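The values are calculated or read from the model by the stated rules, or taken from the named source; none is laboratory data. A quick note: this is a predicted structure, and the numbers were derived from the prediction, not measured. Backbone-built Cβ (ideal geometry, glycine too); neighbour counts: all protein chains shown. Quick note on the areas: whole protein, heavy atoms, side chains included, nothing else; ligands and nucleic acids left out. Shrake-Rupley method; radii C 1.70, N 1.55, O 1.52, S 1.80 Å.
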Amino acid sequence: MVSSLLTLLSTFSRLNLVQKSSIFIPFTFKALSLLKFHKQPRLRPFNTPLLRFPSSLNSPKAHFSTSRRPVSSKSFDDDLVVLGIETSCDDTAAAIVRGNGEILSQVVSSQADLLARYGGVAPKMAEEAHSQVIDQVVQDALDKASLTERELSAVAVTIGPGLSLCLRVGVQKARRVAGSFNLPIISVHHMEAHALVARLIEKELQFPFLALLISGGHNLLVLAHHLGHYTQLGTTIDDAIGEAFDKTAKWLGLDMRKSGGPAVEQLAQEGDAESVRFSVGFSFRAIPMKQHKDCNFSYAGLKTQVKLAIASRNIDAKVPLSCASSLDRSSRADIAASFQRVAVLHLEERCERAVEWALKIEPSIKHLVVSGGVASNQYVRSRLDQVVQKYSLQLVCPPPNLCTDNGVMIAWTGIENFRAGRYDSPPPANDPDDFMYDLRPRWPLGEEYAEGSSDARSLRRARVHPSLTSLVQASLQQQ
């Protein structure tokens with residue numbers, strides 16, 4: 001019973017703060033007594049004329065919140081202006097987007113130097129880097145849009161999945177802005193944002209659609225039924241493809257300042273993709289993933305094979321590629337090309353099966369969305385385009401600057417959720433130091449498809465938050 005109550009609590013108050021010293025269960029029952037969908041009064045926003053609420057928010061069931069503070073609101077389309085903040089990993093990003101999809105500004109502060117120095121993301125260093133630049137990044141986004149905070153309609157922010165230390169920086173900043181200027185705040189799922197940003201670019205992209213979300217920390221195949229409702233067809237049981245690209249780049253001594261993926265892709269163009277015989281993913285049980293008739297991914301085994309191949313050729317990662325001999329460079333290029341071919345082949349095979357499953361569940365799907373940092377890889381795009389052509393589907397890939405982590409995707413997902421009435425009332429202007437933020441570092445997007453379940457994944461389910469889909473469905477049942 002308590003578990004069910006905790007789940008319901010998190011459903012309607014995604015950014016609710018809880019004092020560390022408080023007793024959680026009594027707080028839960030107190031909050032439940034406030035839970036009801038209610039019609040927001042029409043109020044005059046700061047320094048703006050009285051604006052009509054959209055019809056979708058005129059329903060008593062349209063908006064929910066535990067806060068009793070009034071919310072300043074604006075009409076949709078051109079009048080809706082949302083600030084999006086993203087700090088889930090190693091990029092500090094902010095953007096401002098109108099309800100009609102117009103991108104007013106986009107600012108990203110990269111941690112490329114830290115990536116090169118540590119050979120990957122160091123959470124504590126990443127947190128400090130976010131803290132140093134977050135105020136300036138948000139201000140730059142406002143300045144480039146020629147707006148002030150008082151002209152915003154709402155603030156959207158990533159609350160998970162991601163690194164807790166990094167997520168906290170973005171959430172704190174979002175709450176300061178929203179609280180100081182009486183703005184609604186919208187909690188955003190990072191992976192949902194990667195999927196939905198394609199709807200900003202491709203106006204004909206309607207639900208349902210299939211999405212492959214690939215990045216340094218995620219490999220995810222989901223069927224998007226509609227906003228907030230996703231079925232997980234496949235995910236990684238160990239390492240994501242982006243992690244494999246990054247490690248391969250590091251072991252080959254490549255320049256990591258633009259991340260490993262682009263570096264490997266560039267070097268692979270010089271190599272022979274058939275020169276090194278790598279296998280298509282082995283699970284931790286050393287069973288070839290090709291034998292598993294599901295849509296799950298495994299790149300840990302491929303990483304091991306690459307490391308062994310590099311060692312057998314006496315490649316020294318301390319010697320930069322620019323200083324390597326002609327023979328050494330050729331050897332590195334062959335490994336890069338062979339790795340990329342097999343890594344992407346694994347994606348192709350899983351996507352083909354996912355398309356077949358998706359068409360059985362939702363026969364009307366017409367698009368495969370490929371998003372996330374690895375989706376910037378042109379080889380990945382070209383190979384997956386061949387896959388969708390077999391099924392008469394259309395491949396939709398956001399431009400590279402919207403594939404990597406960015407504020408635009410957060411702002412746009414905030415807009416979609418705001419239209420659906422999924423947002424919280426303004427937080428306090430100042431949060432006490434002893435308050436605990438609702439951060440969701442391990443937060444599934446959808447419920448797992450029965451045929452795609454994996455025994456191996458059960459080992460990694462500790463401390464996983466209930467999926468976004470389950471929370472949305474629970475909230476709808478309460479209406």
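A Förster radius of 45 Å combined with the Cβ-Cβ distance from Gln479 to Arg117 puts the calculated FRET efficiency at roughly 0.35. Computed with a 1.4 Å probe over protein heavy atoms only, the accessible surface of region 90-172 comes to 39 Å² per residue. Here the simple spin-label model places points 7 Å from the Cα toward Cβ, and for Glu128 and Ala420 these points are separated by 3.9 nm. The simple spin-label model puts a point 7 Å past each Cα toward its Cβ; for Asn100 and Asp431 those points are separated by 3.5 nm. Checking the Cα-Cα distances for Lys124/Lys250; Lys203/Lys366; Lys258/Lys366; Lys303/Lys390 against a 22 Å cut-off, the pairs over it are Lys258/Lys366; Lys303/Lys390.
Once phi is turned into θ = phi - 60°, what whole-Hz ³J(HN,Hα) does the Karplus curve with 6.51, -1.76 and 1.60 give for every residue of region 402-416, x standing for Gly and Pro? 3J(HN,Hα) across region 402-416, in whole Hz: 10, 7, 6, 4, 7, x, 4, 5, 6, 4, 5, 5, x, 4, 4. Using the average count of surrounding beta-carbon atoms within 10 Å as a protection proxy, the listed peptides 99-106, 156-163 rank, highest first, as 156-163, 99-106. Can you tell me how region 162-274 classifies by the Cα gyration tensor, rounded, prolate or oblate, using a/c under 1.5 as the rounded cut? Oblate shape, in that a/c is at least 1.5 and b/c is the bigger or equal ratio. Considering only protein heavy atoms and a 1.4 Å probe, what is the carbon-and-sulfur percentage of the accessible area of region 175-233? The computed percentage sits at 49. Using a probe of 1.4 angstrom and keeping all protein chains present, the accessible surface of region 183-341 works out to 39 square angstrom per residue.
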